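Student: Provided herewith is a single structure, encoded as structure tokens, for subsequent inquiry.
The values are calculated or read from the model by the stated rules, or taken from the named source; none is laboratory data. On a predicted model such as this, the values are computed, not experimentally measured, just so you know. As a convention, Cβ positions derive from the backbone with ideal geometry for all residues, glycine included, and neighbour counts pool all protein chains shown. Calculation scope for accessible area: heavy atoms of the full protein, side chains included, ligands and nucleic acids excluded. Shrake-Rupley method; radii C 1.70, N 1.55, O 1.52, S 1.80 Å.
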Amino acid sequence: MKKKEATTERYTLADLENWQEATGDLDPPIRLGVFGDPVAHSLSPQMQNAALKQCDIGIQYARFHIRAKELRSALRFLRELDFIGINLTVPHKIAGFEQIDEADDRATRAGAVNTIRLYDKKLVGSNTDGEGFVQAIRGEFSVDVRDLRVMLIGAGGGTGHAIAWQCALENCERLVLVNRTLEKAKALAERLRPFFAGPRVLGPVARLQAVLWDEATLRAQLAHVDLIVNATPLGMNPSDPTPIPARLLAPHHMVFDAVYGPSKTSLLRAADEAGARGANGLSMLLHQGALSFSIWFNQEAPIDAMRAALVL
Ligand code: NAP
């Protein structure tokens, strides 16, 4: 008799290699999922499974614990399986871009992939993080990114790249790129420079800058910033330090943490302490996931069912 149960466990590279043995008795079968390390925190399965159920699509979405060094093999096994597609999360988005067969404009711009669709054993990559981010900011703070001066922390990662490109495409007022490895932020700023050629902000600050991650620099920059975005994994563990301390934040700041692990990350606790408005990454998860769903199924995602599954 076939098992009929929601998928909550984690699969591994070894399971992908012996997929029939690992999951042959599952009904509905797993044909979608997310690769990540860590991945236990991911709420994508509950959100996507709610969407699949709502649309009467008889497949399941599962979590896969895939380490960085395993990604190439995992994608190779995936090509041979009857999957619709896969999401890539931390730390695979940039490495994944190098390992797919084709990329659409969104993935090519960001140099990072969060959504893969399989066509005839080919992996076609896209990136829904940037648009998901813009929709999340509108939903959380009732403002459009194009009207904001944005500071992005973690500009060297896959999510940071996608958000930075989207800010450029939206022609936001100002973009300040911060990264532990400054060279990566500088390289990204050079690629984005043409988008920020026009003068929009009056005042003493440049529209596009890559800056050092130190207290004096951040303090000076934050006087000319409306929205602060954390796109590093800092905050996934409750004991992580905040990327920006409360003493640098002010009540006029909007603080968006792409991390959605603990509902109050260290950065959001700092925002509370400073009297600033804050939001975690759940709404971005929702919107990027809805866009992934429409890439896989060429139909609009049932966003209300997905939101309900996340209890937003
Ligand atoms: P990633 O590609 O591994 O990005 C790592 C970035 O974070 C790099 O800029 C890296 O700096 C920086 N970083 C890593 N560890 C750091 C540390 N200890 N201190 C300071 N900076 C550090 O990861 P990703 O896939 O972009 O994901 C980043 C985070 O965003 C994850 O927590 C993920 O869950 C979250 N996310 C959420 C959503 C959502 O829908 N809510 C969507 C996408 C991602 P260097 O360049 O110096 O290495």
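Student: Using only DSSP helix segments of four residues or longer, with each worth -39500 (n - 2.57), what per-residue ellipticity at 222 nm results for the chain after dividing by its residue count and rounding to 500?
Tutor: One gets -11000 deg cm²/dmol as the mean residue ellipticity at 222 nm.
Student: I've got another one for you. Sorted by packing (mean other beta-carbon atoms within 10 Å per residue), highest first, where do 243-253, 101-111 land?
Tutor: 101-111, 243-253
Student: Leaving out ligands and nucleic acids, note down the accessible area per residue over the chain with a 1.4 angstrom probe, in whole Å².
Tutor: Heavy-atom SASA per residue in the chain reads 44 Å².
Student: Still on this structure, please answer the following. Measure nothing fancy, just the Cα-based angle from helix 44-54's long axis to the longest principal axis of the chain, in degrees from 0 to 90, nearest 10.
Tutor: Value to nearest ten degrees: 60.
Student: Please report the net charge: other residues with Cβ closer than 11 Å to the Cβ of I163, K and R +1, D and E -1.
Tutor: -3
Student: Let me ask another. In terms of solvent-accessible area of protein heavy atoms at a 1.4 angstrom probe, what is the ranking of S294, S142, S42, highest value first?
Tutor: Per-residue accessible area, sorted high to low, gives S142, S294, S42.
Student: Could you check how much of the accessible area of the chain is carbon and sulfur, as a whole percent, using a 1.4 Å probe?
Tutor: So the carbon and sulfur contribution to the accessible surface is 50 percent.
Student: Could you work out, for the stretch 176-248, what percent of all Cα-Cα pairs fall into each 10 Å distance bin, beginning at 0 Å and stopping at the bin that holds the largest distance?
Tutor: 16, 47, 30, 6, 0
Student: For the Cα atoms of the chain, what angle does the longest principal axis make with the long axis of helix 182-192, in degrees from 0 to 90, nearest 10?
Tutor: So the inclination is approximately 90 degrees.
Student: Between A62 and residues 5 or more places away or on another chain, which pairs have amide H atoms under 5 Å apart, with H built 1.01 Å from N, and which residues are they?
Tutor: Excluding prolines and chain starts, which carry no amide H, the hits are L32, G33, V34.
Student: Helix 129-141 versus the longest principal axis of the chain: what is the Cα-based angle in degrees, 0 to 90, to the nearest 10?
Tutor: The answer is roughly 60 degrees.
Student: With a 1.4 Å probe and all protein chains in place, put E17, E170 in order of accessible area, largest first.
Tutor: Reading off the accessible areas and sorting them downward yields E17, E170.
Student: Let me ask something additional. Of K69/K184; K93/K184; K122/K184, which sit over 26 Å apart, Cα to Cα?
Tutor: K122/K184
Student: A follow-up question, please. Count the DSSP beta bridges whose two residues both fall in the chain, then state the antiparallel fraction as a percent rounded to the nearest 5.
Tutor: Given both bridge residues lie in the chain, the antiparallel proportion sits at roughly 20 percent.
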